[in-house]
Structure formats: structure tokens, C-alpha cells
Amino acid sequence: MKKNNKGFVLVETLIVSVFVLTTLVFLFVEFRKVKQGFDTSFTYNTVTGMYAASNFASYIKDGSYETIVNALKTDGKNTHYIDLSECPAQLFAEPIYCGRLKDTLNMSHMYFTDEDLSFLLRNLNSADMNPTTKKYIKTIKYDKDVSRYRLIIEFKDNTYASIKVTGHGGL
């Protein structure tokens, strides 16, 4: 007697199809995560962006650090950041040089805030910032119990950089 194998072929085809589809879905999800990470690495904290942020932080440390910190403590109480994008004369000893540095480094917005970003993150919806800047700020890793400051920079090519800023001698 011969057995009828038509039912077995159907079950085997279904099992193989489910296995292949599951594998393809898994590969798609993993590839998407890798691609998002790859795209993020070209947008957040790029090498040129970090060098530009370091240059601007050095400029702040050399001339206007205390003034900006005091302004953050008084004027920035409610917003938890200070927008340095316009190079205000009341904050910078040399605002013309600040403007030239901003143009040379292709910066569009510069924000000075505390290292502990938890207050800024809580009030981020009310902040007058670009939505992509807000998205970037949510990705920054920060130290909660450290008394130092952070410079967040948005560049004209829609990339971002963030750097810790301490005064002379690490203060």
C-alpha cells in the first residue's frame, strides 16, 4: 500500500515558509537598528563637531566663563539653559570675535546649561528650541551629581555636539 504524502508536503511547506519569513523579519528589524545607529553617528557628536565644540568651550573658558555661569544661575533659573547663539555683549567680553568664531565653525545655535540635564529635560517642551535639538538633548548622557556645565551646539548642517565645560583648574 502506498501512503498519501500530499498533506505532509503542505505542512512542510508551511513550516519552512514561517521559518523563512520569521528569519527575514528578524533580519529586517536588526538591520534597521544598525542603520539608525549608523545614521545617528553621522549626526550626533561627529569628530568635526566635537573639535568645534571644544574650540568654543575654550573661548568661553578664556574670557567669559564666570559671566556666563552667573547668568545661568540668575537668568537661566526658569529655562535651565542660556542661548548663546546671538553672542550677547553682556555675556561675552569680545562679542565680535564670538560671532566670527560662530560663523567660522558653522554653528547655528549654542546653549549653555548645567551638566545635570534632568531639569532641562523636564522643561524641554517649553524650551524655545528646534524639535531636532530637543531630540538630541534627550540622547545626551550626563552626570547627575556633578557641579559643572555643558555646552550644546547645533551646526548649520543639522549635526550636533555636546561637551562638558569646566572653568580654569576644573572649577
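The values are calculated or read from the model by the stated rules, or taken from the named source; none is laboratory data. All of these numbers come straight from a predicted model, not from anything done at the bench. So basically every Cβ, Gly included, is an ideal-geometry build from the backbone, and we count neighbours across all protein chains shown.
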**Asked** Has the stretch 127-135 got any residue that is of a type in the set (Val, Ile, Thr), modelled with pLDDT under 90, surrounded by fewer than 17 Cβ atoms within 10 Å (Cβ to Cβ) and closer than 22 Å to residue 49 by Cβ?
**Response** yes
**Item:** Subset of the stretch 126-171 that is within 16 Å of the chain's Cα centre (by Cα) and polar (S, T, N, Q) - its residue that is farthest from residue 39 (Cα to Cα)
**Value:** 130
**Asked** Is it the case that some residue within the stretch 93-108 is within 15 Å of the chain's Cα centre (by Cα) and closer than 19 Å to residue 59 by Cβ?
**Response** yes
**Item:** Single residue of 20, 9 found to be surrounded by fewer than 10 Cβ atoms within 10 Å (Cβ to Cβ), hydrophobic (A, V, I, L, M, F, W, C) and either more than 23 Å from residue 129 (Cα to Cα) or not assigned by TED's automatic domain parsing to the domain that holds residue 129 (or both)
**Value:** 9
**Message:** So, residue 133, is that one touching a His at 6+ places or on another chain (Cβ under 8 Å), β-branched (Val, Ile, Thr) and touching a residue at least 24 places away in the same chain (Cβ under 8 Å) or not?
**Reply:** yes
